[in-house]
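The values are calculated or read from the model by the stated rules, or taken from the named source; none is laboratory data. The structure presented is a predicted model; accordingly, all values stated were derived computationally and were not measured. Counting neighbours? That spans all protein chains shown, and the Cβs are built from the backbone with ideal geometry, glycine included. The area values use the complete protein model at the heavy-atom level, side chains included, leaving out ligands, DNA and RNA. Shrake-Rupley method; radii C 1.70, N 1.55, O 1.52, S 1.80 Å.
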Amino acid sequence: MIAVLVDSKLIAFSELPNKKAKTISDFLLGLIEQNGLNISKICSDTEATNTGNWTGVFVRMKQKIPELTYELCRLHLCDLILKHELNLLFPESTSSPDIPYNFVAEVKKDWTRHVENYQSRTDLNDIVNYDDLPKTEERRDDYRLLLDLVKAKRMKLQTNLPAKIKLVQTPPPICNSRWNSRAIYCLFAEIVGGYEDEAILLANEFIVNYWAPVWFNVHHSVDWSKLCEISDKTKNIMKKHNLLLKDENPFTNDGAERVFAYANLKIPRFRKLDYLEKDLIACLNKK
């Protein structure tokens, strides 16, 4: 499936026969011609299919539109940074498509028990807001959970007081490609599950003090220099994408993620994909 947005408006939600770069680029070029669009910049995730130097989607499209420029989704870049930093702390290797850290499977298995035990506590305190983090998060439930966990860890570091958190009963996906899952499971393990493993504690300090303020503000002017406590490998990634200083006009494709989340709710009602596409376009473009 592919979701295509232009100026934050959904114009296509379609099923492609495969995920090959040629298939995707041909589809996008056809959309541009069909809709008479004047496209100067595209944004996508970090998949090699999109970013490949020789036969990636962008390279193929630039052959047809020479003035086209490419912007890497800043949310995906943040996820890439987090993955590399946490892989240094949790060097386990696996061929599974899931997050390869041993504690993640344990936490997911006991998620409900951890939630019930935490919610039964009588010493929980109102959550504290911080200037470098948003007060609320309305886009998605996993974003809100991440924000609450980040603030709860900050409170623990600064006051050692446990925070009231609006927890979810169903554990988030542990697929290796999911945004935020590493951060959510790391923070949940310590704050809710009571894990005190040194690697988890170090990971969480990096998440709440350096990574989260950038991630939650990535739609605005972002100062990437805040990510100062990072490895040489991560610094090279940021240098490659020229993200060492301020990023005044950051690009993200989380609009596409919201389309897929909304589509998952609608799929049972629609037997034909073209009907689903029309409904998505009508509903999501109202604003």
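Overview of values
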quantity: Proximal charge balance of residue 21 [Cβ under 14 Å; K/R count +1, D/E count -1]; calculated: +3
quantity: Nitroxide proxy distance, nm - points 7 Å out along Cα→Cβ at residue 202 and residue 169; calculated: 3.9
quantity: Sparse-neighbour loop sites [chymotrypsin sites (Phe, Trp or Tyr not before Pro); segment 23-65; at most 14 other C-beta within 10 Å; DSSP]; calculated: 54
quantity: Efficiency of FRET between residue 53 and residue 137 - r from beta-carbon atoms, R0 22 angstrom, step 0.05; calculated: 0.05
quantity: Portion, in percent, of the accessible area of segment 1-125 that falls on carbon or sulfur, probe 1.4 Å; calculated: 48
quantity: Euclidean distance between Cα centres, segment 123-152 to segment 1-68, Å; calculated: 35
quantity: Neighbourhood charge, 10 Å Cβ-Cβ cut-off, centred on residue 162 and excluding it, Lys, Arg +1 and Asp, Glu -1; calculated: +2
quantity: Per residue value of the accessible surface for segment 146-209 (all protein chains in place, 1.4 Å probe), Å²; calculated: 37
quantity: Loop-located GluC sites (Glu not before Pro) in segment 108-193 whose Cβ has at most 11 other Cβ within 10 Å (DSSP); calculated: 138
quantity: Relative contact order of segment 49-121, pairs being alpha-carbon contacts under 8 Å that are 6 or more residues apart, as %; calculated: 10
quantity: Within segment 1-87, GluC sites (Glu not before Pro) in DSSP loop having at most 16 other beta-carbon neighbours inside 10 Å; calculated: 15, 47, 67
quantity: Relative packing of peptides 193-200, 128-135 - highest average C-beta neighbours within 10 Å first; calculated: 193-200, 128-135
quantity: Heavy-atom accessible area per residue - segment 1-91, 1.4 Å, Å²; calculated: 55
quantity: Mean Cβ count within 10 Å, highest first, over the residues of peptides 104-110, 165-171; calculated: 104-110, 165-171
